[in-house]
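Student: I'd like to ask you about the structure that follows.
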Amino acid sequence: MRKVGDGRAFVAALVLYAAFFGLFFFESLSTDELIAPGDALDFGVAAYLSSPSLWTDGLYSGYPIAADPQSMIFYPLLQLWRTLGLGWNLFMVAPFVIASASCFLLVRRLTGSALAGALGGLTFGFSGPMLGNIGHFNQLHAVAWAPLALYGLARIRGGMTMSGVAVASMSFALMWLAGHPQLPVYVSYLSAALLAGSLFLDRPSMKVGVRRVAWSGIAVALGVGLAAVMLLPMLELSTFSPRAEANWELYTAKTLPPWQILSLVVPFAFGFWADNDQAIPYFGDGSAGENLGYVGLVPLALAVVAPLVVSRRRGEVWLWVVLGVVAALLAMNAATPLGTLFYYAPGYARFRMPTRHLFLVALCIAVAAGFAFDALAQRSRRWVPGAATMAVALTGLVALAGLRAAMPVVADLLAANRLYAAWTIGWPLLVASAAAAIGLGTSIVPERRRALALGTLIMALLIVDLAVVHYRVPGVHFDYAEVPPSDATPRLRIAALRDELRASGERVLAADGTHNSFLLPNLTRPWGVRAAGGSGPLGIERYIDLMRMGSPGDVPTDVMLSPQLALDVWAIRYVLVPDNTPVGAALLEQPERWSRVDQMQYDVNDPDSSYTLYRNASALPAAWCVSDVQRADRGDSLDALRSGRLPGGAPFNPRTTVLAEPGELAGWTPGEAAAAARVSTLGSEPRTYRVESSAPCVLVASEPFYPWWRATVDGAPATPGRVNYAMVGVAVPAGTHQVALTIEPGSIRTGMGVTGLCLLLWCGVVGAAFTEIRRASAQDPTFSMA
């Protein structure tokens, strides 16, 4: 009998899991509203609505958007979705389907059981870390490909080298291109640990071991090469961002508290859900969803007993269990010696929120549970899942008793709130009792059908268990689509302001950053609004320093007041300020600079959504020319723009003087007298200026300095320099000249070359894989890959 090939099994899994998640998200998919909680609107919908571009004027007064992985410009799935017009909501559902089908394929490969694979796929794709992070669209898309990458490496281990390399390399590439590099880094470490563990367990000959390591390394490297078009510009941008150096505070941000690992067993221990007047708010640390590691009580129990019930591949089971424990310890970060040690691991310390290791915990539990289920289904010990689940549940409740003694809020809730006590204590016991009943009930099923009956009932219980938790914990009651489409489109007043700013080359700033729905950072990009705000981990550090911008993109009041010059030099003509803050009153204390222009209200039912638009009379134009160049180091330049004073104490007027650090504008030759300079914009070409000057001058453009800028003066190449701490300057001779600034992203071009070469190599690997499969099929008539 010919086996069902992995390819067909994977397609079938995609279809079945798509049907399942289509039902789960049915309420959200049947509405026009968007599945866009948290960052999904600000970053995800913005990326979906934006046409691919190298540079944007909609963020940070100018930003190399193609170098930011969160833009997902090079993620094939996003571009395919946009091209086919499949809609944002389906894009948000896609990673759950991919993650489940990929994990199914991995577990099926490791155990040889489709039922075990189905259980593993459901455990991972429907887990707490997946649903809890639904607002983090790029994390979900990145981790969704992880099981498929590990499946490819498993094929290499099994001797199907070329097909393994083809699958693993493309999966790693898609992980990188999905827009969140943290998860590919974590999965790379997991892959290395699995490779080392397999070598220890298999004890292959030196030749076979070297071959396995080499081809596994080639698969990972080829995946990195396929993603080079995104990785090289990302690495370049990171050197200009606050993430350029390792940072202990960043590394330990939002660590999972050790006692909160209890949510793996008792999902309602920390509240989490909202139910009108019976609300029991979340009282744990960090975010409720991001800290929810619950994968279902039965899979956890199966993973715990897996090393005891699996005999044929017990060492491998232990490997997955140990790696799951390691991932949990890393989620606790500095609370464990291992977490502290990993601060020094290459690439680790540049990421925050170690709770994202919970994705790996869920994956390891899914695989170990698959091993255990396969072993139990082949034997008569079908009572083990129920007994193990009851034992794990009781252990969790004992731990809850310890938490009750340590946390008064838990003791008070257990004593005074029947709803909390019933769900927190009762639910694990109910699930464990149902698991035990399933074990007893399947004993009456004919022997040849018991495995199928056991698997079907356990998966049904798992669906109920996880569905109830997903219903109660976030409080959305399966209605994840809560964002009206109007929130993703500019209001009429903002559209009018956009047209004005396009004509003038000036900008607008949302003073409160991501709290400002009128000018939500990142959405200003698809809207085409020339904006000074921004939010994200890879903003250009000097620009952020000069604006003193917080992580949500908010700006302190004093930055908007004289003598600080940041808003003036960036041509920020307008500032939108919430009326429920004292910022507006502070601005009007400088009437020579600020004046009211308009008042807007985002939601007529929300008095806190009222805003006032203020006009900055001191804003400089998009470009101007000065002949006085003062040399100042980085710190002195920043101080001068903040204080309005040059290092010697004299007033600093950026209309007549420009600050250049040592080494910048190296060819500058000052004239004998101050220049009478005039700059006009040539409307036919963007960033093309006509400069008329009686002496040599420096054209200062209100653009953030970045290596992609190129300049020409009358068509001849000129070297742009960094001036005024973070801006672009070009030396211009006396006379009348045409100066043009253009974007030439060298890192993207190099990345495209590497990606193109690796794509050719990958196609060669795919061809070799088909030859390998045909050869294996000829040698074994039962073999099938298709």
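The values are calculated or read from the model by the stated rules, or taken from the named source; none is laboratory data. Owing to the predicted nature of the structure, the values given are computational and were not obtained by experimental measurement. We place every Cβ from the backbone using ideal geometry, glycine too, and count neighbours over all the protein chains shown. Keep in mind that these areas ignore ligands, DNA and RNA; they rest on the heavy atoms of the full protein, side chains included. Shrake-Rupley method; radii C 1.70, N 1.55, O 1.52, S 1.80 Å.
Student: Is there any pair linking a residue in the stretch 258-270 that is closer than 17 Å to L462 by Cβ and assigned to a helix (DSSP H, G or I) to one that is hydrophobic (A, V, I, L, M, F, W, C) and modelled with pLDDT of 95 or more, with Cβ under 7 Å and at least six apart or on different chains, and which?
Tutor: L264/L300
Student: Which of the numbered conditions does L376 fail, given that it passes all the others? Conditions: (1) open to solvent by 20 Å² or more (accessible area, probe 1.4 Å); (2) part of a helix (DSSP H, G or I).
Tutor: (1)
Student: For R491, indicate whether it is over 15 Å from G58 (Cα atoms) and not aliphatic (A, V, I, L, M).
Tutor: yes
Student: Another one. Any residue that is aromatic (F, W, Y), at negative phi and buried (at least 24 other Cβ atoms within 10 Å of the Cβ) - is there at least one of those in the stretch 350-372?
Tutor: Yes, there is a match, as at least one residue in the stretch 350-372 is aromatic (F, W, Y), at negative phi and buried (at least 24 other Cβ atoms within 10 Å of the Cβ).
Student: Also, quick follow-up: Can you name the residue in the stretch 29-63 that is open to solvent by 10 Å² or more (accessible area, probe 1.4 Å) and of a type in the set (A, V, I, L, M, F, W, C) and is also nearest to R82 (Cα to Cα) among such residues?
Tutor: L49
Student: Can you work out which of the residues in the stretch 421-468 that are of a type in the set (S, T, N, Q) and surrounded by fewer than 19 Cβ atoms within 10 Å (Cβ to Cβ) is modelled with the highest pLDDT?
Tutor: Top of the filtered list is S433.
Student: I'm trying to understand the selection: among the residues of the stretch 597-613, which are of a type outside the set (D, E, K, R) and under 34 Å from the mean Cα position of the chain (by Cα)?
Tutor: M600, Q601, Y602, V604, N605, P607, S609, S610, Y611, T612, L613
Student: Pick out, from the stretch 73-134, the helices (runs of 4 or more DSSP H) lying fully within it that include 3 or more residues that are open to solvent by less than 10 Å² (accessible area, probe 1.4 Å).
Tutor: It comes to 88-111, 114-125, 128-132.
Student: Just the residues that are without any contact (Cβ under 8 Å) to a residue 40 or more places away in the chain and not β-branched (V, I, T), please, taken from the stretch 1-15.
Tutor: The answer is A12, and nothing else.
Student: Are there any strands (runs of 3 or more DSSP E) wholly within the stretch 643-727 with 1 or more residues that are at pLDDT below 90, and if so which?
Tutor: 678-681
Student: Here is a list of conditions, (1) without any contact (Cβ under 8 Å) to a residue 60 or more places away in the chain; (2) aromatic (F, W, Y); (3) over 28 Å from V728 (Cα atoms), and Y611 meets all of them except one; can you say which number that is?
Tutor: (1)
Student: Further, regarding this structure: Name the pairs whose Cβ atoms lie under 8 Å apart, with the first residue in the stretch 215-234 and more than 14 Å from W762 (Cβ to Cβ), the second surrounded by fewer than 24 Cβ atoms within 10 Å (Cβ to Cβ) and of a type in the set (G, A, S), and 6 or more positions between them or separate chains?
Tutor: So the pair list comes out as S216/S191; L232/S747; P233/S747.
Student: Please find, among V143, V165, the residue that is modelled with pLDDT of 95 or more and closer than 17 Å to L226 by Cα.
Tutor: None of the other options fit; the residue is V165.
Student: Please determine whether any residue of the stretch 710-719 is of a type in the set (V, I, T) and open to solvent by 40 Å² or more (accessible area, probe 1.4 Å).
Tutor: Looking through the stretch 710-719, at least one residue is of a type in the set (V, I, T) and open to solvent by 40 Å² or more (accessible area, probe 1.4 Å).
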